[in-house]
């Protein structure tokens, strides 16, 4: 297997069928530096307009519609000592009558100390003078090109992935995306140093990262929505609005996964999900919301 270095000269604000920036073999790895959600690189230079400029796409030989693309997130290393967020909650996550009372959504700058593994406000506000958070890198926006010659904005998400902002997509995790076009055409960007569930201020700590991933083709793997796993759990992702529809998509995908790969009947899968399922909230700021349906591996039957 080969490791490639992708050095972008242009970025994309859509996930769609566009000419590939790199072609690799099934199972190869790629190292690339992302710019932040506003298009600023590691040196503070504005390289591209927002939202969420994507590196890529990467064409994977042998990937065909009806397969799945497996994405192993091997490493995420900050290449900048600062990041930024919005300073106030988004209007759509508070009661409507409180929106008019919210302060302006100014930019807040954060200091990223990769050696110490910490993130902190550059100018702490009263009450948070001693707030030091752990560095928990994650990919906010990634996925593959959708079918039917569509192009989806990096401001949103769908079956092909996109701006899901789920904090579970960090180093050591694995994702699978349903392939809709030859080569899959994989994109990634919008990396965060840390983010709470929901991205409820409209950002994580937005920064530039060096990311190492491995891309592999799983032949004839029928799935509709993104799937993932980490050391402790498997999970499925639904992207839609309203939130209940996103939950329905994620739950249906998990039901199909348990029946298809673990040999459970609909009744057995329902018993299992009914008592051990956990739901995480991904993005609830952007046009499509993200819900994650999760089952810890200790509850799964052997395949």
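The values are calculated or read from the model by the stated rules, or taken from the named source; none is laboratory data. Quick caveat: nothing in here was measured; it's all calculated off a predicted structure. Cβ sites come from the backbone with ideal geometry, for glycine too, and all protein chains shown count toward neighbours.
Inspect the stretch 172-179 for any residue being part of a loop (DSSP other than H, G, I, E, B) and farther than 27 Å from residue 220 by Cα and give the result as yes or no.
Going through the stretch 172-179, the residues part of a loop (DSSP other than H, G, I, E, B) turn out to be 172-173, 179.
Then keep just the ones that are farther than 27 Å from residue 220 by Cα; that gives none.
Checking the stretch 172-179: not a single residue is part of a loop (DSSP other than H, G, I, E, B) and farther than 27 Å from residue 220 by Cα.
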Subject >> Selected residue [surrounded by 17 or more Cβ atoms within 10 Å (Cβ to Cβ) and at pLDDT 95 or above] from 99, 93, 119 >> reply: 119
Subject >> Total residues in the stretch 181-212, condition surrounded by fewer than 23 Cβ atoms within 10 Å (Cβ to Cβ) and part of a strand (DSSP E or B) >> reply: 2
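Evaluate the following for residue 165: is it part of a loop (DSSP other than H, G, I, E, B), buried (at least 21 other Cβ atoms within 10 Å of the Cβ) and in contact with a strand residue (DSSP E or B) (Cβ under 9 Å, 6 or more places away or on another chain)? So that I can check it myself, show each step before the final result.
Numbers: part of a loop (DSSP other than H, G, I, E, B): yes; buried (at least 21 other Cβ atoms within 10 Å of the Cβ): yes; in contact with a strand residue (DSSP E or B) (Cβ under 9 Å, 6 or more places away or on another chain): yes.
When the stated conditions are applied, residue 165 passes them.
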Subject >> Verdict on residue 20 being assigned by TED's automatic domain parsing to the domain that holds residue 151 and over 22 Å from residue 83 (Cα atoms) >> reply: yes
Original post:
Residues in the stretch 273-290: is at least one buried (at least 21 other Cβ atoms within 10 Å of the Cβ) and assigned to a strand (DSSP E or B)?
Top reply: yes
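Does the stretch 230-237 contain any residue that is within 26 Å of residue 94 (Cβ to Cβ), buried (at least 19 other Cβ atoms within 10 Å of the Cβ) and either modelled with pLDDT of 95 or more or in the same structural domain as residue 29 (by TED's automatic domain parsing) (or both)?
There is at least one residue in the stretch 230-237 that is within 26 Å of residue 94 (Cβ to Cβ), buried (at least 19 other Cβ atoms within 10 Å of the Cβ) and either modelled with pLDDT of 95 or more or in the same structural domain as residue 29 (by TED's automatic domain parsing) (or both).
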